Amino acid sequence: MTASSSLLGIARRSWQVASAVSLLAILAAGCNRNPESANATAAGRAGEWTTYGGTASEQRFSPLTRIDEKSVSRLGLAWSFDLGTLRALEATPIVSDGILYATSAWSLVYAFNAKTGELLWMYDPHVMKDHSKFVCCDVVNRGVALANGRVYFGTLDGRLVALDAKHGTRIWEVRTSPEDSPYAITGAPRIAKDKVIIGNAGAEYAVRGYLSAYDTATGALAWRTYTVPGDPSQPFESDAMKQAAATWSGEWWKLGGGGTVWDAIVYDPDLDLIVFGTGNASPWYPALRGTTVGDNLYTSSIVAIHAKTGDYAWHFQPTPADSWDYDATQPLVLAELTIDGRPRRVVMQANKNGFFYVIDRENGAFISGTAYAKVTWATGLDAKGRPIEAPGARAVDTPSLVQPSPDGAHNWHPIAFNPATGLVYLGVQEDPFLYTIDRQHKLDMHDSTMGLDPRYAGPLMAQWITTMKVGGRLVAWDPVKRQEAWRVEMPQPKSGGTMTTAGNLVFQGRGDGTLTAYRATTGDALWTFDAGVGIAAAPMTYEVDGTQYVAVLAGWGGSNILYNGPTGAGKVGFGQLLVFALDAKGTLPKYERPQRGVPSPAIEMAASAADITEGAGLYGAYCQRCHGVQVVSGGSVLDLRYAEAYVHHSFQQIVRGGERRLYGMPAFADSLSEAQVQQIQAYILEQTKQAATATTPPPAQ
Ligand code: CA
């Protein structure tokens, strides 16, 4: 029941896919090209944006200055492209050789003439859409890598694909994880010399995390480095795994251990190191993964390995024995900072756990860690950066109210460092969470293993959502002085990734669809544009033929919308690629979401109160991650309260039988019995009935 795009969206796209002029366009534009420029992966040519984070350092800083604090008020829409999806867009486009590459939901890849917006080609890897079952936070993709005239990207179902950058034809494809296993790829690959590096997601399921390197030319696996130890009765893959095993207890390997590398990976060409962040241990709670002592290395850690071999170099673990889903996968930024009068080569991260870390990237030594948001799980850090935990922060016997939430004080959203201002620009959210441990937790290899108490789906959650205090802001953080330089409060907690330029500008979008340019030194808002759909992805900028452009993907969704429904504030709508230039006058067609009336149950179904209660728990465990807490959808998948009679009549075939697998609704026959599915249906109908009699109208769908 999770259609990726409406029929309208598909129709919009169809003519674009069949673009027959792409080859002509390439030939016409190709006369002044440098044939070697596609090799530019580290710095890129002036005006290009050649890696996920702009350059190898991933500072998301552009030296371009045509658009600056004086001229930015003249910025307007140069061209746009409707991506025809209601799902979240999180990619940063890449531009090289006059071509802009972007990815969309379900791992679709697009190439455009960066100047005109003409679609050159599109590639659909035909992801099995029921793989949506194995992603916590929407069917997203954060972008491509580019090298040697090839585009590399990962697919939601775990494949790594190399395409010809000019024509979009497939050169090779490899599986990075076993077919139909709970691994997924949502992050962008990175290039390290002749290797393409890719991790995976899945630590909310029972998997073992790893990072893989493939030969850029052939797709042959060069090395694979695990992040957590396997079965200790078998030989360890490395000394690092042996060391890590000493920090675990119980039989963790049976649940995989977690520690997936689902987003941040940077290649440091100076040191020939790959630095990456690892996700939570699995399940979330140490007690449920059998941990009584130990830090559970290398989960929730920043790890460096040698690019040539994949061998361990160093690690720093912000959250030992994580109990809060504090993945350390947030963006990693390489920089040189002068600290105490001494130049240091550092890696920086605004960790989910609320601390901003500056780490020596030569050896992993802790330089500083400072709270950049409200932190209640720890009272501070010791001299080596180890957290001093607050009493009662771990949910053991009773629920624990803790800040930050599993969504983090900051998450995957790119951050930007401007060497001219010395400031890091990032969205910060204040978002507490009630951690509840499910002591009856049973491993289900077909579903998530977080270990949250399913009661959370019920009244406890409802009460919590209505009472929690959330907030958000754009912050300019001084990593040397370890303090804010300025902040801009946001009307809602979740805001998007950032980009900064030598024109003294910072660009950031937010959930209500506003894209704003701020003065980098002061935070003054200088220009704004209403995209009509929420922006989570980071803007980027590039120059073609003397014109500077700013591009961003607008498309709102993710766990905020799927899970929290309307409380995950932001505008859901058809995703757009938006490209701006000075003095451009383009406009977006106005799109109004259709208003729906009060829902009413499409069928009558007899059910006991006990069945409905049971159904609520099952719904919480299996359905709400996509269809929303208490059956209130955020708008990117079907709101089940509006399900028509034919859906209810086919309910068993859809939920257990996989009748709608092709649309993203997985089959749950392995996890749920017929009777349980009926209980879920009874709960949905009960929620529908309650909505029908509620005095306040339901949110627009
Ligand atoms: Ca996680």
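The values are calculated or read from the model by the stated rules, or taken from the named source; none is laboratory data. None of these values were measured; they are calculated from a predicted model. Note that we place each Cβ from the backbone using ideal geometry, even for glycine, and neighbour counts take in every protein chain shown. Each accessible area value is taken on the protein alone, full model and side chains, heavy atoms only, with ligands, DNA and RNA left out. Shrake-Rupley method; radii C 1.70, N 1.55, O 1.52, S 1.80 Å.
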Legend entry - Cα gyration tensor, the chain - rounded (a/c under 1.5), prolate or oblate: rounded
Inset, instruction - Calculate one ³J(HN,Hα) per residue across the stretch 311-321 by plugging θ = phi - 60° into the Karplus curve 6.51 cos²θ - 1.76 cosθ + 1.60, and present them in order as whole Hz with x for glycine and proline. - result: 6, 4, 10, 7, 8, 9, 10, x, 10, x, 6
Legend entry - Overall form of the stretch 637-678 per C-alpha gyration tensor (a/c, 1.5; a/b vs b/c): oblate
Inset, instruction - Starting at the first residue of the stretch 335-341, write each ³J(HN,Hα) from the Karplus equation 6.51 cos²θ - 1.76 cosθ + 1.60 with θ = phi - 60°, in whole Hz, x for Gly and Pro. - result: 7, 10, 10, 9, 10, 6, x
Inset, instruction - Just order 176-183, 272-279 by mean Cβ neighbour count inside 10 Å, highest at the front, would you? - result: 272-279, 176-183
Legend entry - Solvent-accessible area per residue, Å², over the chain with all protein chains present [probe radius 1.4 Å]: 36 Å²
Legend entry - Efficiency of FRET from Cβ geometry, Ala669 and Met605, R₀ 22 Å, rounded to 0.05: 0.60
Inset, instruction - Order these peptides, 548-559, 53-64, by their mean beta-carbon neighbour count within 10 angstrom, highest first. - result: 548-559, 53-64
Inset, instruction - Grab the other residues whose beta carbon is less than 10 angstrom from that of Asp325, score K and R as +1, D and E as -1, and report the net. - result: -3
Inset, instruction - Just the number, please: carbon plus sulfur as a percent of the accessible area of the chain, 1.4 Å probe, no ligands or DNA/RNA counted. - result: 53 percent
Legend entry - Value at 222 nm in deg cm²/dmol, rounded to 500, when DSSP H runs of n ≥ 4 in the chain each add -39,500 (n - 2.57): -3500 deg cm²/dmol
Inset, instruction - Assign one of three labels to the stretch 58-143, namely rounded, prolate or oblate, based on the Cα gyration tensor with a ≥ b ≥ c the square roots of its eigenvalues; rounded applies when a/c is under 1.5, prolate when it is not and a/b is larger than b/c, and oblate otherwise. - result: prolate
Inset, instruction - With a point put 7 Å past each Cα toward its Cβ, work out how far Lys374 is from Ser238 in nm, to one decimal. - result: 4.0 nm
Legend entry - For the stretch 4-582: relative contact order, % (alpha-carbon pairs under 8 angstrom, 6 or more apart): 15 percent
Legend entry - Neighbour net charge for Trp253 - beta-carbon separation under 14 angstrom, K R +1, D E -1: +1
